Amino acid sequence: MKRSGTADLPLHYGKVPPWLYERMSILGLSIVEVILMDYGKDEVLRRLADPFWFQSFGAVMGMDWHSSGITTSVMGALKRSINPNSQSLGLYICGGKGKFSRETPSELIQIADKTGLDGTALVRASKLSAKVDNTAIQDGYQLYLHNFVLSDNGNWSVIQQGMHESDGTARRYHWHSENITSFVEEPHTGIKGISRGRILNLTDAEASENRKGILDISHTDSVEVMKDFSKLILPAHHDVRASDVDLKRLGALLYVTREQQPQNFEDLLMLEGVGPRTMQSLALVSEVIHGAPSRFKDPARFSFAHGGKDGHPFPVPTKTYDESISILRKGIEKSKLGNSDKLNTLNKLHQVITTAEKDFTPDFDIQEVIEEERQNSWRFGGKTVFGDAQKPGPPKPIQLTLF
């Protein structure tokens, strides 16, 4: 067995406001559709199984870049937007938080009936991944969220999250079927136990390979384990700091989108008329779609696309968010009709920025960039869970007047 990665996150309470949740659903679906068109269903599953990509994906969608809430909100938004289109997309999302996680087996059986997949094997894969992370791995985290993402070719990914109440953190676990063979290839192996429902009997002689795999995973200090899966650990602070981002990559992106003009790049003429602020967001969205795995080591950088609902690094610019969605949706619709110029342009935008990075030397204050975003937030329809961004007033005099 191979677990593809883990992420340790500060525990974060609160709800996603409706104005953001609606946008997350549309943008999430759009990004998934473009990845499907360009790379296929298996690549969507691989991306979801990468903890660094997943955190960057959530940050681009306007969630708080570092918090545990990304998991619940992103998967909820994806399930809401993908499942009504599952037949055409070939992707299904099961489970969820709390009681919805317990519905995963029945959902998988229903999907198996429609697609002809082996429902028994899928249910066992779902339960086994949860058993390993919740029971066999004694790390103090109790699962409260389990999502099983399935393609109609039988491949799948699992995204699940546990809570550690004593230290105020959550841990997200990622699984990918690509490297799991034993319990997927032998779906009818008997699992028996006392009257507590289906359990994993790790003492059975036939479970020797499972025991070995679980033992290897549980040795979190082992070099061999670290080779098998990546581990993302995010800080407790809410604000975005220079140490949280790759300044060379962020600086090159800001330079190209703010100081260069699209007309200077023949490949970007399809985006002519798009303002610098929207270009900045589109560049990060395009990177989430087309970027190599090595580009997601600093998820905080992707919060510079659409901010965060709590105002970190700045309020969500809803006008820019809507323009990003509109450009992406129009590109998808035209691509379905055989004209993929606009989607190709987004890919070229990503290529232009990666080229600019090669000779770019960062020489800017990230806090000045954040403050500029906050000062201009009202222009772009800035919103947080606390309300709308307000236009800055005139500076107050230092000396008090007597009148």
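The values are calculated or read from the model by the stated rules, or taken from the named source; none is laboratory data. Remember, predicted model here, so these are calculated numbers, not experimental data. Please note: Cβ atoms are built from the backbone with ideal geometry, for glycine as well, and neighbour counts cover all protein chains shown. All accessible areas refer to the heavy atoms of the entire protein, side chains included, with ligands and DNA or RNA removed. Shrake-Rupley method; radii C 1.70, N 1.55, O 1.52, S 1.80 Å.
Only lysine pairs 8 or more places apart or on separate chains count here, and in region 320-395 those with Cα atoms under 20 Å apart total 7. Determine the share of region 20-110's accessible area contributed by carbon and sulfur atoms, expressed in whole percent, with a 1.4 angstrom probe. C and S fraction of accessible area: 52 percent.
Remark: C-alpha extents of region 1-125 on the principal axes read 39, 30, 30 Å, sorted largest to smallest. Put simply, the amide H of LYS309, placed in the peptide plane, has neighbours under 5 Å in ASP64, leaving out anything fewer than 5 places away on its chain.
Counting only C-alpha contacts under 8 Å and six or more residues apart, can you give the relative contact order of region 5-83 as a whole percent? Working shown, then result.
Numbers: 67 pairs, mean separation 35.8, N = 79.
In percent, rounded to a whole number, it is 45.
What does a probe at ARG80 reach in region 290-329, counting residues whose amide N is under 15 Å from the point 7 Å along Cα→Cβ? Counting backbone N atoms under 15 Å from the label point, the list is 309.
Per residue, region 17-163 exposes 32 Å² of accessible surface when a 1.4 Å probe is rolled over the protein heavy atoms with every protein chain present.
Relative contact order for region 327-400: 14 percent, from Cα pairs under 8 Å spaced at least 6 residues apart, divided by residue count. A probe of 1.4 angstrom, applied to the heavy atoms of all protein chains, finds ILE26 with accessible area near 80 square angstrom. Distance between the 7 Å Cα→Cβ label points at GLN390 and THR355: 4.6 nm. Report the FRET efficiency, 1/(1 + (r/R0)^6), for LYS330 and SER166, where r is their Cβ-Cβ distance and R0 is 51 Å, rounded to 0.05. After rounding, the FRET efficiency stands at 0.55. For GLU178, the accessible area of its heavy atoms, probed at 1.4 Å with every protein chain present, is near 100 square angstrom.
What translational diffusion coefficient, to the nearest whole µm²/s, does region 308-403 have by Stokes-Einstein, given a Kirkwood radius computed over alpha-carbon pairs, a temperature of 37 °C and 0.692 mPa s viscosity?
Values: Rh = 16.8 Å.
The estimated diffusion coefficient comes to 195 µm²/s.
Students sometimes get this wrong: rank PHE360, PHE54 by accessible area, probe 1.4 Å, all chains present, largest first.
Working: PHE360 45, PHE54 0 Å².
Correct descending sequence by accessible area is PHE360, PHE54.
Legend: Rg and Dmax of region 74-127, from Cα coordinates, 11.0, 29 Å.
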